[in-house]
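To start, the structure under review is shown below, and the notes come after it.
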Amino acid sequence: MKTLIEIHALQNYAPSNLNRDDTGAPKDAWFGGSRRARISSQCLKRAVREYFKEHNKEWVASRTKRIVDRLKEQVASKIQNQKGFSEEKLGQAIEAAITSLGGNKKIKLDKEKKTDVLLFLSPQEIESLQTVIAESYVDLLKKKPSNEVVHALNDAIDGENKSRLSVDVALFGRMLAVMPEKNQHAACQVAHAISTHAVEREFDFYTAVDDLKPEDTAGADMMGTVEFNSACFYRYAVVDWEKLKANLQSDAELAEKGLKAFLEGFVVAEPTGKQNTFAAHNQPEFVAITVRRNTAPRNLANAFEIAIRTRKDESITKESATKLDAKASALDKLYGISCNSRFAASQDVFGEKFEAKGFGSQEQSINTLINWALSEVSKKEK
């Protein structure tokens, strides 16, 4: 029985450049025949992972090419009293260990001792690598490490056994090209956020003046432009509860804590792009969660296939929520699905009571909304 937890959010950002492309411009996309502002799913997931770090660092894996440097710091303390120890030999042992990882294709190191691929490893997996290296220090200094040591090093990274996976890897998955058997299918899918309305690119022309310039010298000493936009974004994500539990070795308690942290992070975590310039700290003002069983996931972006246009005295967030709710209700009727949703909305925008047909009843706060979702998941467990 598949249980899906879907979260929808409407977030109206002030002028900003939260997620840039290769030219420095805010990312965008064509949708429904008009240009929309866009924030990539990778950017949104990273924001959630940074939120996780504030709550429990053990939940967050490290995505890095600098694993050799990380291991040097931590293995040295374990074996520095061993006979014949030296930092040079330790470096050789760790390099031998890392280049032993992989199947037919092994990991390689460049001149700076960085790996040729990004490794995405949990704290527990890194700890397991440290232990194997410390215990096999002498063997790794040989011209060719023994097969037993090579197997132990590769077993330190979870494959079939997922007891060492972190919550973020369980949620978002990972791909290790040189070790495909260690790949992890994600329990969560996050959509690219798109604006509910059409946007135009805008430019901020800026200048800077040399503070020590003589008073009689006119003109700026540096100038340039920064692109930005302002948009009300529709954001969506879905979590497969059974997959999340399976990825965490059926640890329902940890899975529930991870789900709660993800839902909280999805609402409050924000991209950091150009925030020192724009300070666009605008939280979502409409959030809905749906918990359902044995149905396909449902992204409601088509509510905005026709870009929303509002009059000067209308809230684009409220109009977006009205369209979103109408689409949810229409699809429920089309597919004969009963609504199992709740929502929370800012009272200054929506009033005391927002009449919703597709999202069920209203919760008073984001916290009570998330607690309702967790109780629904728990109910379906029984």
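The values are calculated or read from the model by the stated rules, or taken from the named source; none is laboratory data. It should be emphasised that the depicted structure is a prediction, and the values quoted were computed from it without experimental measurement. Cβ atoms come from the backbone with ideal geometry, glycine included; neighbour counts cover every protein chain shown.
So that you can scan it fast, the table gives a plain yes or no per residue for (1) touching a Lys or Arg at 6+ places or on another chain (Cβ under 9 Å); (2) under 30 Å from Phe233 (Cβ atoms); (3) touching a residue at least 60 places away in the same chain (Cβ under 8 Å); (4) among the basic types (Lys, Arg):
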| residue | (1), (2), (3), (4) |
| --- | --- |
| Ser34 | no, yes, yes, no |
| Val48 | no, yes, yes, no |
| Ala61 | yes, yes, yes, no |
| Arg66 | yes, no, no, yes |
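Considering segment 357-382, the residues that are touching a residue at least 40 places away in the same chain (Cβ under 8 Å) and in contact with a Ser or Thr (Cβ under 8 Å, 6 or more places away or on another chain) include one that is surrounded by the most Cβ atoms within 10 Å (Cβ to Cβ), namely Phe359. Return yes or no: is Tyr206 outside the structural domain of Glu305 (by TED's automatic domain parsing), assigned to a strand (DSSP E or B) and at negative phi? It is true that Tyr206 is outside the structural domain of Glu305 (by TED's automatic domain parsing), assigned to a strand (DSSP E or B) and at negative phi.
Filtered by the rule that a residue be surrounded by fewer than 14 Cβ atoms within 10 Å (Cβ to Cβ) and not in a loop (DSSP other than H, G, I, E, B), segment 221-239 gives Met222, Met223, Gly224, Thr225.
Contact map, segment 97-124: first residue farther than 14 Å from Leu71 by Cα and in contact (Cβ under 8 Å) with a residue 60 or more places away in the chain, second residue of a type in the set (D, E, K, R) and not in a loop (DSSP other than H, G, I, E, B), Cβ cut-off under 9 Å, separation 6 or more or different chains; pairs are Gly103/Glu181. Against the test of being surrounded by 13 or more Cβ atoms within 10 Å (Cβ to Cβ) and at pLDDT below 85, the options Asp139, Asp158, Asp69, Asp168 yield a single qualifying residue, Asp158.
Could you check, for segment 10-25, whether at least one of its residues is in the same structural domain as Asp325 (by TED's automatic domain parsing), of a type in the set (Phe, Trp, Tyr) and in a helix (DSSP H, G or I)? The answer is no; no qualifying residue exists.
Within segment 240-275, the set of residues being touching a residue at least 12 places away in the same chain (Cβ under 8 Å), farther than 23 Å from Ser320 by Cβ, of a type outside the set (D, E, K, R) and assigned to a loop (DSSP other than H, G, I, E, B) comprises Leu248, Gln249, Thr272.
Got at least one residue in segment 316-337 being aromatic (Phe, Trp, Tyr) and out of contact with any strand residue (DSSP E or B) (no Cβ under 6 Å at 6 or more places or on another chain)? Yes, there is a match, as at least one residue in segment 316-337 is aromatic (Phe, Trp, Tyr) and out of contact with any strand residue (DSSP E or B) (no Cβ under 6 Å at 6 or more places or on another chain). Per the conditions (1) part of a loop (DSSP other than H, G, I, E, B); (2) surrounded by 12 or more Cβ atoms within 10 Å (Cβ to Cβ), the sole criterion not satisfied by Ala218 is (2).
The condition of being surrounded by 13 or more Cβ atoms within 10 Å (Cβ to Cβ) and more than 29 Å from Gln249 (Cα to Cα) holds for only one of Ile107, Ile94, Ile126, that being Ile94. Of the residues that make up segment 198-213, is at least one over 30 Å from Asn12 (Cβ atoms), in contact with a strand residue (DSSP E or B) (Cβ under 9 Å, 6 or more places away or on another chain), in contact (Cβ under 8 Å) with a residue 60 or more places away in the chain and buried (at least 19 other Cβ atoms within 10 Å of the Cβ)? No, the conditions are met nowhere in segment 198-213.
Take segment 276-322 and flag every residue that is of a type outside the set (A, V, I, L, M, F, W, C), within 27 Å of Thr3 (Cβ to Cβ) and either free of Cβ contacts under 8 Å to residues at least 40 places away in the same chain or surrounded by 12 or more Cβ atoms within 10 Å (Cβ to Cβ) (or both).
Answer for segment 276-322, where residues must be of a type outside the set (A, V, I, L, M, F, W, C), within 27 Å of Thr3 (Cβ to Cβ) and either free of Cβ contacts under 8 Å to residues at least 40 places away in the same chain or surrounded by 12 or more Cβ atoms within 10 Å (Cβ to Cβ) (or both): Pro284, Thr290, Arg292, Arg293, Thr295, Pro297, Arg298, Asn299, Asn302.
For segment 249-258, the criterion of being surrounded by 17 or more Cβ atoms within 10 Å (Cβ to Cβ) and in contact with a Gly (Cβ under 8 Å, 6 or more places away or on another chain) is met by none of the residues. Having 2 or more residues that are closer than 19 Å to Thr196 by Cβ and of a type in the set (Gly, Ala, Ser) is the bar; report the helices (runs of 4 or more DSSP H) wholly within segment 282-382 that clear it. Those helices (runs of 4 or more DSSP H) span 316-335. Does Ser338 satisfy the condition of being without any contact (Cβ under 8 Å) to a residue 24 or more places away in the chain, within 26 Å of Thr368 (Cβ to Cβ) and more than 20 Å from the chain's Cα centre (by Cα)? Judged against the criteria, Ser338 is a match. Return the residues of segment 1-18 that are in contact with a strand residue (DSSP E or B) (Cβ under 6 Å, 6 or more places away or on another chain) and closer than 19 Å to Asn299 by Cβ; say none if nothing qualifies. Answer for segment 1-18, where residues must be in contact with a strand residue (DSSP E or B) (Cβ under 6 Å, 6 or more places away or on another chain) and closer than 19 Å to Asn299 by Cβ: Thr3, Leu4, Ile5, Glu6, Ile7, His8, Ala9, Leu10, Gln11. Screening the candidates Ala261, Ala269, Ala279 for the property of being among the hydrophobic types (A, V, I, L, M, F, W, C) and on the phi > 0 side of the Ramachandran plot yields one hit, Ala279.
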